[in-house]
1. Report, by residue number, each residue of the range 60-81 that is hydroxyl-bearing (Ser, Thr, Tyr) and open to solvent by 70 Å² or more (accessible area, probe 1.4 Å).
2. Checking the structure you have, find out if any residue of the range 124-134 is part of a strand (DSSP E or B) and surrounded by fewer than 24 Cβ atoms within 10 Å (Cβ to Cβ).
3. Just checking, how many residues over the range 495-520 are surrounded by fewer than 24 Cβ atoms within 10 Å (Cβ to Cβ) and either out of contact with any helix residue (DSSP H, G or I) (no Cβ under 7 Å at 6 or more places or on another chain) or part of a helix (DSSP H, G or I) (or both)?
4. I'm told residue 262 meets every condition in (1) open to solvent by 30 Å² or more (accessible area, probe 1.4 Å); (2) in contact with a Leu (Cβ under 9 Å, 6 or more places away or on another chain); (3) within 18 Å of residue 120 (Cα to Cα) except one. Can you identify the failing condition by its number?
5. So which pairs qualify, if the first residue must be in the range 349-370 and free of Cβ contacts under 8 Å to residues at least 24 places away in the same chain, the second must be outside any loop (DSSP other than H, G, I, E, B) and among the small types (Gly, Ala, Ser), the Cβ gap must be under 8 Å, and the two must be at least 6 apart or on different chains?
6. Within the group 561, 523, which residue is touching a Leu at 6+ places or on another chain (Cβ under 8 Å), in contact (Cβ under 8 Å) with a residue 24 or more places away in the chain, open to solvent by less than 10 Å² (accessible area, probe 1.4 Å) and within 18 Å of residue 63 (Cβ to Cβ)?
7. Select from the range 451-486 the residues that are of a type in the set (Gly, Ala, Ser) and modelled with pLDDT of 95 or more and write down the one among them that is farthest from residue 114 (Cα to Cα).
8. What number of residues in the range 386-409 are assigned to a loop (DSSP other than H, G, I, E, B) and either modelled with pLDDT of 95 or more or open to solvent by less than 100 Å² (accessible area, probe 1.4 Å) (or both)?
Amino acid sequence: MLNTENNDLYDLNEALKVENLTINDYEEITKRLKRKPNRTELGMFGVMWSEHCCYRNSKPLLTKFPTKGKHVLVGPGENAGVIDVGNNQKLVFKIESHNHPSAIEPFQGAATGVGGILRDIFTMGARPIAVLNSLRFGNLDKTSNVDLLRGVVSGIAHYGNCVGVPTVGGEIDFDESYSGNPLVNVMALGLLETNEIVCSGAKNVGSPVLYVGNTTGRDGVGGASFASSELTITSLDDRPAVQVGDPFIEKSLIEACLDAFKTGDVIAAQDMGAAGLTCSSAEMAANGKLGISIDLDLVPAREDNMSSYQYLLSESQERMLLVAKEEKLDNLIEKFNKWGLYASVIGEVIESNEVIISHKSKVVAQIPTSALSDDTPVNVHNVINNPPDNLLQKWEWNENNLPEINDDKILSFKENKFFSFSQIILKLLSNPSIASKKWIYKQYDSQVQSNTVFKPGESDSALIRLRAQNEKNKNKIFSGVAVSVDCNSRWVSLDPFRGTIAAVAESARNVSCVGAEPVAITNNLNFSSPETEVGYWQLSSSCDGISEACKFLETPVTGGNVSLYNESKNKDNEITPINPTPVIGMVGKIDNVDQAINSKWKNMDDQIWLIGSHNSETTIAASSYLEYFHGEITGRPPKLNLPDEKLCQSFIRNAILKSFVISSHDISDGGLAVALAECCILSSKGATIELQQDLNRYDNLLFAEGGSRIIFSIDKVKEEEWLDYLKKIQKKYPSSIYIKQIGHVSNKNLKIKIQDKNICNIRVEELTEKFNNSISDYL
């Protein structure tokens with residue numbers, strides 16, 4: 001019988017506030033239980049009904065996503081997505097956020113974000129092979145933002161380096177909207193090592209439930225509810241809701257779990273992430289359409305006198321819940337003990353569809369599994385019919401609003417000074433959002449496991465060699481997986497639909513630029529409150545953009561994460577929402593990693609070419625140039641033509657695999673001029689470029705963004721073969737796709753001419769100095 005002693009006497013209003021529940025939620029809980037919940041049960045509902053766990057505001061929007069495809073083996077609903085990458089190999093991948101914990105305690109918040117996403121991967125039976133991150137901070141002229149950057153980067157480096165998983169790539173952006181609410185999104189990939197994918201549904205009534213890993217403490221109590229609320233000036237008081245991680249225990253847990261999974265003696269597995277023991281037990285039961293009973297007295301604890309509430313809502317790290325074969329229990333416990341880990345039977349699978357929790361020999365919670373995790377509430381919001389008025393006004397902006405170009409110089413609205421185009425290129429390269437992120441990624445071990453093909457910063461996407469552990473065959477051709485995380489949040493803030501389509505397209509383009517075929521995505525939807533008209537419209541429009549782009553590009557969604565209420569409130573109760581930031585993690589495959597290429601120019605006199613689409617808009621509106629040089633965030637982002645985008649990517653992949661194209665780089669932030677400069681910096685070689693003035697303004701030619709464009713270089717010894725190939729292949733492409741030579745690789749300078757007029761002549765050393773030292777100068 002349910003024990004209510006000292007557990008049902010609580011201040012309801014205060015409890016609902018703590019659990020981030022409404023009075024309507026409470027009434028629904030009472031209806032489902034057919035009685036009033038005690039305090040422990042209310043806490044369990046609080047975390048399980050939070051946005052972080054049940055997507056109560058976003059669930060209807062997520063159903064729009066395409067989730068099936070020829071490569072997809074496991075889609076949304078499990079701990080991570082799984083795709084077939086050929087050669088009898090299966091790739092497991094997912095992205096997650098740890099935004100609010102990182103805002104309060106940046107080191108541990110970021111470190112445990114890495115640990116949590118790694119557990120999602122190896123819970124499926126996969127060995128983690130790579131980590132990427134997508135980070136957002138406020139501008140670095142504020143000391144508080146610099147401190148957050150240092151702490152987050154240190155936390156990611158500490159956990160990833162210690163656990164032995166390479167951090168192979170990522171992205172980072174700086175904008176004032178993130179000052180009170182930084183974003184820390186971590187993506188992980190793993191290669192399946194078990195014969196079968198390990199899933200989370202409990203099976204076989206009477207099977208023991210095994211707790212393995214680290215001990216349980218009071219750290220992280222209520223973390224899921226904390227992650228589902230806005231940040232305020234009192235959020236520092238929530239430091240106990242930030243977990244503390246130990247990467248060395250995580251490493252032991254990886255090895256012990258994979259060893260145990262290979263035996264086939266583990267029936268189901270679930271990591272204890274958000275909502276801890278509550279979520280893992282409830283989801284195991286619900287996914288298996290059975291029940292689970294747990295005795296908290298058997299849970300290994302690191303602190304004395306913990307309450308049932310604290311046991312169930314603790315988010316202590318490096319813990320897993322397994323359903324095991326009873327006859328193999330002793331062998332499994334021995335395996336985990338061998339790695340210095342706790343392994344204790346704390347319950348069993350039961351026939352009734354309930355989660356039953358006992359503590360001190362009394363039942364303290366008894367809840368139907370469907371009430372907790374299956375039939376969770378959905379908050380209904382109406383989508384406004386038209387974009388907000390302030391955006392409609394911004395969309396009216398056009399290039400006629402810019403000052404005229406006089407004597408090859410242009411007035412900066414931001415600084416009220418004239419600058420040459422060479423000076424503008426250097427200013428853009430030194431902006432922290434465009435500049436080299438070397439200060440950050442040099443702190444990460446990107447080479448551990450020896451499968452990282454390109455170092456961070458060398459190519460448009462990371463590339464990981466896929467090979468079985470202890471591979472002996474030195475002559476084997478290895479396949480690979482390319483992965484990129486992308487989002488231009490400026491574009492999304494100005495047009496969520498177009499901006500999100502562009503994020504999907506750019507992530508796919510980056511994968512294509514190394515020679516890999518994009519096959520699937522995971523996404524992390526970072527938005528402000530859905531309870532405002534604009535906030536929900538942004539989220540809904542962005543989901544529409546993901547759906548449309550993924551359908552066209554044939555890159556289904558395998559899972560992801562939603563992080564809402566990303567906004568900060570000051571002492572005057574003024575709310576600052578972040579820029580909407582739907583981060584796209586794109587995965588692609590390539591049959592032979594030796595055919596992949598990076599962004600560096602290779603040889604002197606190699607031809608430099610440009611591919612793009614006339615049907616995909618190219619504009620200064622919403623560009624980095626407009627923001628960082630003129631100080632204006634306005635205009636409507638360019639509209640992409642998805643069929644042409646797909647053709648441009650297909651063309652570049654085929655040309656790479658035929659060994660014509662030996663370097664490629666997509667044109668994104670800063671436009672053509674910045675893309676050319678980045679290739680020069682990477683290779684320590686110059687470029688001589690000649691452009692035709694087919695547009696009215698020089699700054700449009702140099703700094704406009706969009707257009708589905710990629711620059712690439714052709715091996716000079718294959719020029720004739722290339723031209724023959726191009727003549728044949730162009731007949732298969734519509735006239736909207738243009739492919740043209742714009743220059744060649746040269747010695748020491750980046751030289752750009754427009755209509756035979758010298759516009760830019762900058763030494764590569766000067767480009768490099770501005771690009772490489774910007775962030776480190778702030779620090």
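The values are calculated or read from the model by the stated rules, or taken from the named source; none is laboratory data. No experiment lies behind these values; they were computed from the predicted model shown. Every residue, glycine among them, receives a Cβ derived from its backbone with ideal geometry; neighbour counts consider all protein chains shown. SASA here: full protein model, heavy atoms, side chains in, ligands and nucleic acids out. Shrake-Rupley method; radii C 1.70, N 1.55, O 1.52, S 1.80 Å.
1. Correct list: 63 only.
2. Yes.
3. Here the count works out to 2.
4. Only one criterion is unmet by residue 262, namely (2).
5. none
6. One residue alone meets the criteria, 561.
7. 479
8. Total meeting the criteria: 10.
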